[in-house]
Amino acid sequence: MERMEGIDPAGLAGRLAEVKEEIARAAARAGRQADDVRLVAVSKTHPAEAVRVLAAAGQRDFGESYVQEALGKQSALFDISGIRWHFLGGLQSNKAKFVAGAFHLVHSVDSPNLAQALHKRATARGAVQDVLVQVNLGGEVQKRGACADDAQCLAEAVLALPGLRLRGLMLMPPWDEDAEAVRPWFRGLRELRDSLSIRLGVSLPELSMGMTNDFVQAVEEGATLVRVGTRIFGRRPG
Ligand SMILES: *Cc1c(COP(=O)(O)O)cnc(C)c1O
């Protein structure tokens, strides 16, 4: 039996519906289609049974940050078809072997070494792993991600690896309680994507940006993937 204690199915489904509604309204304000934005429900630290409840409510994309926890949930929920698992967390190259080929999309490629390790393992599995390059636009030392100047180099490294398919960029902006203060970072990621796309001659359709506090602003600025945890699942333990 999976853990059901502390899970409130109606609350989960209700908050999921609210977030989807806010995404649709933000998309409409920006002249976008709601379908152009995918909600990734970030289930890290929350039990598999909460994911099961949301899957029953129609949610398909789920985000995880810790390898062992993610693989455990995948096997606990193997009976549900069509779940797309996203890997969002920091990843050391020696753990790439557990991730390549096991996730729909890896959002957090932040170094040529990691790209190389994912490529090697994906190729060994006969898979092509979809990835995003994580960008650290704020240049914060405590955050992962290529700075804007290095993003082109890293994108080129990824494009050179046939075991990987580069789909776009991911951003963890500097924290600000005021979501409007985060908006310029979202715009910056979109502009960086546009210029990289031209310089590298490839389409980079995905922009992964926006979390619980600021996903509305991210959608208005062009996000195609928003990663929302707390707003749907409640606060993470610890
Ligand atoms: C945990 C996490 C999220 C979700 O954050 P919330 O504020 O709970 O919505 C989004 N993206 C990444 C990369 C995360 O690690």
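Computed quantities for the displayed model
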quantity: Loop trypsin sites (Lys or Arg not before Pro), the range 170-238, which have at most 16 other Cβ atoms in a 10 Å radius of their Cβ (DSSP); calculated: Arg235
quantity: Neighbour-limited loop hits for GluC sites (Glu not before Pro), the range 1-85 (at most 14 other Cβ within 10 Å; DSSP other than H, G, I, E, B); calculated: Glu2, Glu5
quantity: Mean Cα-pair separation over length for the chain, i.e. relative contact order, pairs under 8 Å, 6 or more apart, %; calculated: 20 percent
quantity: Length gained when the stretch Arg165-Ala57 is fully extended (0.36 nm per residue, less Cα-Cα span); calculated: 35.8 nm
quantity: Calculated FRET efficiency for the pair Asp178/Cys147, C-beta based, R₀ 35 Å, to 0.05; calculated: 0.90
quantity: Estimated inter-spin distance, Glu191 and Arg236, nm [label 7 Å along Cα→Cβ]; calculated: 3.1 nm
quantity: ³J(HN,Hα) computed for each position of the range 26-35 - Karplus, 6.51 cos²θ - 1.76 cosθ + 1.60, integer Hz, glycine/proline x; calculated: 5, 4, 4, 4, 8, x, 10, 7, 4, 5
quantity: Nitroxide proxy distance, nm - points 7 Å out along Cα→Cβ at Gln92 and Leu200; calculated: 2.7 nm
quantity: Pair Ala127, Arg29: separation of 7 Å Cα→Cβ label points (nm); calculated: 3.8 nm
quantity: Computed [θ] at 222 nm, helices only, for the chain once each DSSP H run of length n ≥ 4 contributes -39500 (n - 2.57); calculated: -13000 deg cm²/dmol
quantity: Non-local Lys pairs in the chain, i.e. 8 or more apart or on different chains, that have alpha carbons under 19 Å apart; calculated: 7
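Read-outs: derived from the displayed coordinates by stated rules, not from any lab. All values derive from a computational prediction rather than experimental measurement. FYI the Cβ positions are ideal-geometry reconstructions off the backbone, even for glycines, and counts take in every protein chain you see.
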